[in-house]
Amino acid sequence: MLFLVTPLTGKPPKTEIAMGFNPAENAEAVETNGKVFSDYYQSKMGIKVKTFIATDYTALIEALRSGRVDFAFLPPFSFVKAEEIAGAKVLLKCVRKGKAVLYSAIITRRDKNYLKLEDLKGKNIAWVDPSSTSGHIFAKASLKQKKGIDADKFFGKQIFAGAHDALVLAVLNGTVDAGATFSNDAEGIDGSWTQFLKGDDVKKIRVIYVSEPFTGDTMATSKKFAAEYPEIVDKTVKLMLEMGKDPKGKQILKDLYHVDSLIPAKTEEFNSVRDAAKFLNLGS
């Protein structure tokens, strides 16, 4: 049974919401898992859900700005940009392995003679996406601030893999010498390579650098939607908080973005991401 939510503005009742998903890995996997999430949400909330799978991070921000989506799973820098140009309002942040933070990691193949960052001078590197926090922005800023390495001058060819799983495979297959992706810990023990690779392939990856932590992925809405439909937003937040405690909900989050649970978030928690972007003259 669907429920009707009448907005405070006097607009017609809301009978459907649109949920936006970022392309952290291949679109087919995100679409499949996003649909399962939407079905779960619909069964719990009693309101129809339309899924929107973004082609890239920028497309998801635009969808939120234009009102094409009402809620969106946004990586840190995408949230910062969405807050600036789309009036985004952060609601929740993701928890993985007991932490609500991520790290940027530089990975290589273990059988190559790259033991430290200096060994990568002039070598080719892959980034995830221009707007990826762990796979580009925070990694570049950390290298420059902590190691004095200007990526644009230090590395040889630079490419964008498009998604974390594609980047890991590019490193594994030797398409590039190194890649920047996310780590779930400061030691580089667990990260994208342990999630997207299996068996002995995991052992073929070496982590040679891990950045300082930053607040991880978010679930956000727009300030406009929050003002017009506060009841939907409040019930959505409550549902998302409970998903991490429900075995079925927990599995859906894990399949979707390897998330264990979600907890409340505040905009100021993303200041380190803003600082990294400013350091690279990317705005925000």
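Filtering segment 9-68 down to residues that are of a type in the set (Gly, Ala, Ser) and part of a loop (DSSP other than H, G, I, E, B), which residue is nearest to Glu242 (Cα to Cα)?
Here is the first cut: in segment 9-68, the residues of a type in the set (Gly, Ala, Ser) are 10, 18, 20, 24, 27, 29, 34, 38, 43, 46, 54, 59, 63, 66-67.
This time we only want the ones that are part of a loop (DSSP other than H, G, I, E, B), so: 10, 24, 46, 54, 67.
Details: Gly10: 30, Ala24: 24, Gly46: 16, Ala54: 26, Gly67: 26 Å.
The residue in question is Gly46.
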Filter result for the condition that a residue is touching a helix residue (DSSP H, G or I) at 6+ places or on another chain (Cβ under 6 Å) and within 20 Å of Gly46 (Cβ to Cβ), over Leu239, Leu256 | Leu239
Determine which member of the set Lys250, Lys278, Lys238, Lys224 is in contact (Cβ under 8 Å) with a residue 60 or more places away in the chain, basic (Lys, Arg) and part of a helix (DSSP H, G or I).
-> Lys224
Among the residues of segment 122-134, is any surrounded by fewer than 16 Cβ atoms within 10 Å (Cβ to Cβ), more than 27 Å from Thr55 (Cβ to Cβ) and of a type outside the set (Val, Ile, Thr)?
-> yes
Test each condition in (1) surrounded by 22 or more Cβ atoms within 10 Å (Cβ to Cβ); (2) in the same structural domain as Ser131 (by TED's automatic domain parsing); (3) in a loop (DSSP other than H, G, I, E, B) for Asp111 and report the one that comes out false.
-> (1)
Within segment 93-107, which residues are surrounded by fewer than 21 Cβ atoms within 10 Å (Cβ to Cβ) and in a strand (DSSP E or B)?
-> Val95, Lys99, Val101
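Looking only at residues that are among the basic types (Lys, Arg) and over 18 Å from the mean Cα position of the chain (by Cα) in segment 239-284, which one is surrounded by the most Cβ atoms within 10 Å (Cβ to Cβ)? Break it down into steps so the answer makes sense when it comes.
Let us first name the residues in segment 239-284 that are among the basic types (Lys, Arg), namely 245, 248, 250, 254, 266, 274, 278.
Then keep just the ones that are over 18 Å from the mean Cα position of the chain (by Cα); that gives 245, 248, 278.
Values: Lys245: 9, Lys248: 10, Lys278: 12.
Once the filter is applied, the top-ranked residue is Lys278.
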Top-ranked residue in segment 72-122 [being among the β-branched types (Val, Ile, Thr) and touching a strand residue (DSSP E or B) at 6+ places or on another chain (Cβ under 9 Å); ranked as nearest to Lys147 (Cα to Cα)] | Ile106
Looking at (1) touching a Lys or Arg at 6+ places or on another chain (Cβ under 6 Å); (2) under 22 Å from Val273 (Cβ atoms); (3) surrounded by fewer than 22 Cβ atoms within 10 Å (Cβ to Cβ); (4) not assigned by TED's automatic domain parsing to the domain that holds Asp255, find the lone condition where Arg206 falls short.
-> (2)
If we keep only residues of segment 220-265 that are touching a Gly at 6+ places or on another chain (Cβ under 8 Å) and of a type in the set (Gly, Ala, Ser), then the residue farthest from Lys97 (Cα to Cα) is Ser222
Top-ranked residue in segment 37-54 [being exposed (fewer than 15 other Cβ atoms within 10 Å of the Cβ) and touching a residue at least 24 places away in the same chain (Cβ under 8 Å); ranked as nearest to Ala220 (Cα to Cα)] = Lys50
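The values are calculated or read from the model by the stated rules, or taken from the named source; none is laboratory data. Not measured: the values here are computed from a predicted model. Counting neighbours? That spans all protein chains shown, and the Cβs are built from the backbone with ideal geometry, glycine included.
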